[in-house]
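Okay, structure first, notes after.
The values are calculated or read from the model by the stated rules, or taken from the named source; none is laboratory data. Given the structure is predicted, the values throughout are model-derived calculations rather than measurements. Quick reminder, even Gly has a Cβ in these numbers, built from the backbone with ideal geometry, and neighbours come from all protein chains shown.
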Amino acid sequence: MPKQATPEPSPRKKTARETRATKPRTLAIDIGGSGLKALVLDPQGKALDERQRVKTPRPATPKSVLSALEKLIQPLGGFERVSVGFPGVVEEGVTRTAPNLHPDWAGFDLEGALHKLTRRPVRVLNDAGVQGFGVIEGRGVEMVLTLGTGMGCALYVDGKYVPNLELAHHPLQGKKTYEDYVGQAALERVGKKKWNKHVRKVLDQIQPIWNPRKIYVGGGNARLLDFTLPKNTTVTDNVAGLLGGFALWKNEPVQQ
Ligand code: BGC
């Protein structure tokens, strides 16, 4: 009797997860006044592992921060590109100011230095600017405020970032700047209750000037806010400071 051919099993359809690209992965770095954070993101912008954090070395010179970053990223998995949020003015990868780090950052080619370290393409932007890319909707005028060591501020118009709006160093009352009013030093000086009043004043000040459709408040100290926020204002998770790094590569192709 002729042997009956056993039918070939029809190839199993790949699940969405299996067909998803695995590259390029983005190493997202957030340089802060008190901590350096890093995370690797998959090609869809989702975190691939736990966020790593170390204290910002003091004095926070480019040399000491770069050597701390080298150690921080060592245990992380592979990546094909790097995004960095930096706490100061950044122009074409070069840092111009770093009020809460060190004067040596003026004119430092951070993009070049990190490229040398990782041998991957690097993009650097102001930290609040990166944070916003993790949360904005891309419609109308949107603003980000970050409450940490310093006060970060970022402005977007229909999703386009207006770089380096340094509201932190603008006077708010007398000679006191916004950052003097709501930065970490102010929180420690005046206590949580009064600091909350200061943040409320900052929000009240911002609204009638920029008339933002949305305000996102992030940064490590945003969790201490205890008053009812204006309708257009939401508190965002601090991890946005890393997730936003994905958007810096928005128009780059994904490899299968
Ligand atoms: C800097 C900003 C930065 C913010 C938060 C301020 O002192 O001037 O550029 O975004 O701190 O780190």
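Points to keep in mind about this one:
- From Q74, Q52, Q44, residue being more than 18 Å from A247 (Cβ to Cβ), without any contact (Cβ under 8 Å) to a residue 40 or more places away in the chain and out of contact with any strand residue (DSSP E or B) (no Cβ under 6 Å at 6 or more places or on another chain): Q74
- Among the conditions (1) more than 9 Å from the ligand (Cβ to nearest atom); (2) crowded, with 16+ Cβ neighbours inside 10 Å; (3) of a type in the set (V, I, T), the only one that V141 does not satisfy is (2).
- D49 acidic (D, E) and touching a Leu at 6+ places or on another chain (Cβ under 9 Å): yes
- Residue satisfying all of: in the range 15-32; surrounded by fewer than 21 Cβ atoms within 10 Å (Cβ to Cβ) and among the small types (G, A, S); modelled with the highest pLDDT among these: A21
- Yes/no for G150 being buried (at least 20 other Cβ atoms within 10 Å of the Cβ), modelled with pLDDT of 95 or more and small (G, A, S): yes
- Flag if Y216 is surrounded by 18 or more Cβ atoms within 10 Å (Cβ to Cβ), aromatic (F, W, Y) and within 21 Å of the chain's Cα centre (by Cα): yes
- Residue in the range 81-90 that is among the charged types (D, E, K, R) and either more than 17 Å from the chain's Cα centre (by Cα) or at pLDDT below 95 (or both) present: no
- Within the range 104-205, strands (runs of 3 or more DSSP E) holding 3 or more residues that are in the same structural domain as G245 (by TED's automatic domain parsing): 122-126
- Residue within the range 167-179 that is free of Cβ contacts under 8 Å to residues at least 60 places away in the same chain and within 17 Å of the chain's Cα centre (by Cα) present: no
Listed here are the residues, each with its yes/no results for (1) of a type in the set (S, T, N, Q); (2) exposed (fewer than 15 other Cβ atoms within 10 Å of the Cβ); (3) within 16 Å of the ligand (Cβ to nearest atom).
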residue	(1), (2), (3)
R81	no, no, no
D104	no, no, yes
V122	no, no, no
N126	yes, no, yes
G129	no, no, yes
